[in-house]
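Comments concern the structure below.
Please treat every number below as a calculation from the coordinates, not as lab data. Fair warning: this is a prediction, and the values are worked out from it, not measured in the lab. FYI the Cβ positions are ideal-geometry reconstructions off the backbone, even for glycines, and counts take in every protein chain you see.
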């Protein structure tokens with residue numbers, strides 16, 4: 001078995017596109033790990049720039065109203081002083097100079113915000129670099145976790161259906177047909193409504209794990225079909241019969257003998273799921289069914305960018321789409337390379 005994996009690794013190393021995709025994917029996963037531990041993007045909510053601070057290469061956006069604001073403030077202060085001189089009957093007038101001195105002390109503590117940032121800022125003045133890294137952490141975590149949940153469900157159910165056949169296969173096939181008969185997006189919205197407003201709403205809350213469970217529950221059908229067909233082929237082969245002859249249990253034959261021989265199918269399907277679920281999370285967050293409002297993901301960034309484009313603020317859209325397109329493309333190319341490397345027919 002080790003020899004099979006070594007040959008697969010050698011075929012993958014010979015694929016230049018696959019190795020470059022592996023490097024890009026590894027860099028993104030490292031970035032996600034650093035964001036999870038708080039090494040990077042921990043202060044993504046901090047308002048470090050002015051509202052909609054543009055990228056450096058765009059330059060500071062100067063508005064005419066901003067230039068006249070200091071003069072207007074000075075005029076208001078002058079008018080206020082004149083008013084105080086005239087209003088001799090105001091009993092609080094002697095205290096005004098003292099209050100002005102105290103107010104001046106507080107004015108010196110105002111935080112200076114940047115007019116431009118390397119990749120711009122959003123409406124709240126949050127740095128786009130930190131925000132897109134935090135969004136990558138959430139979106140990629142949801143994609144990986146949901147893919148693992150769906151793969152686990154589909155693999156176990158497919159193994160049971162393909163190995164046992166008969167009544168077990170018929171029952172699981174009926175469940176499979178029910179799930180595939182309902183449109184995917186409608187099924188997602190149904191689970192979202194049940195988990196967010198049903199009896200489990202208080203337990204699960206509205207965090208990213210609710211999205212993970214939703215995607216995992218609706219996405220297992222594809223790998224179930226493939227695993228079931230593989231078990232139907234392998235359960236009657238000689239090595240399984242030999243394991244039965246030496247007294248191996250059904251569980252041992254299912255998961256110790258057959259499962260390693262179809263692991264390449266599961267691994268490739270897992271990779272495909274990651275890409276699909278990242279896209280699904282983006283769509284759900286864009287529609288308001290994804291991550292909560294106090295978190296950020298690529299989907300929420302795209303949702304915010306929709307209204308910002310009307311104002312000519314395009315940098316959040318560019319940041320989110322560039323990061324998402326880079327990771328999804330690299331992961332998809334890596335999946336193709338893994339499929340070629342793990343295909344036994346090429347050995």
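Between residue 27 and residue 307, residue separation times 0.36 nm minus the direct Cα-Cα distance comes to 97.7 nm. A simple packing score, the average count of other Cβ atoms within 10 Å per residue, orders the peptides 218-227, 305-314 as 218-227, 305-314, with the highest score first. This ranking places 176, 184, 231 by how few other beta-carbon atoms lie within 10 Å of each, fewest first, which gives 184, 176, 231. Residue exposure proxy: 279, 60, 131, ordered by other Cβ atoms within 10 angstrom of their Cβ from fewest to most, comes out as 60, 279, 131. Note on residue 168 and residue 193: their simple-model spin labels are 3.5 nm apart, each label 7 Å out from Cα toward Cβ. Per-residue packing, averaged as other Cβ atoms within 10 Å, sorts the ranges 166-172, 48-54, 290-296 into the order 48-54, 290-296, 166-172, beginning with the highest. Once both labels are positioned 7 Å from their Cα atoms along Cα-to-Cβ, the gap between residue 175 and residue 245 label points is 3.5 nm.
Fewest Cβ neighbours within 10 Å first, please rank 195, 186, 287, 144 accordingly. Walk me through the intermediate numbers first.
On the way: 195 21, 186 10, 287 14, 144 18.
Ranked by crowding around the Cβ, least crowded first: 186, 287, 144, 195.
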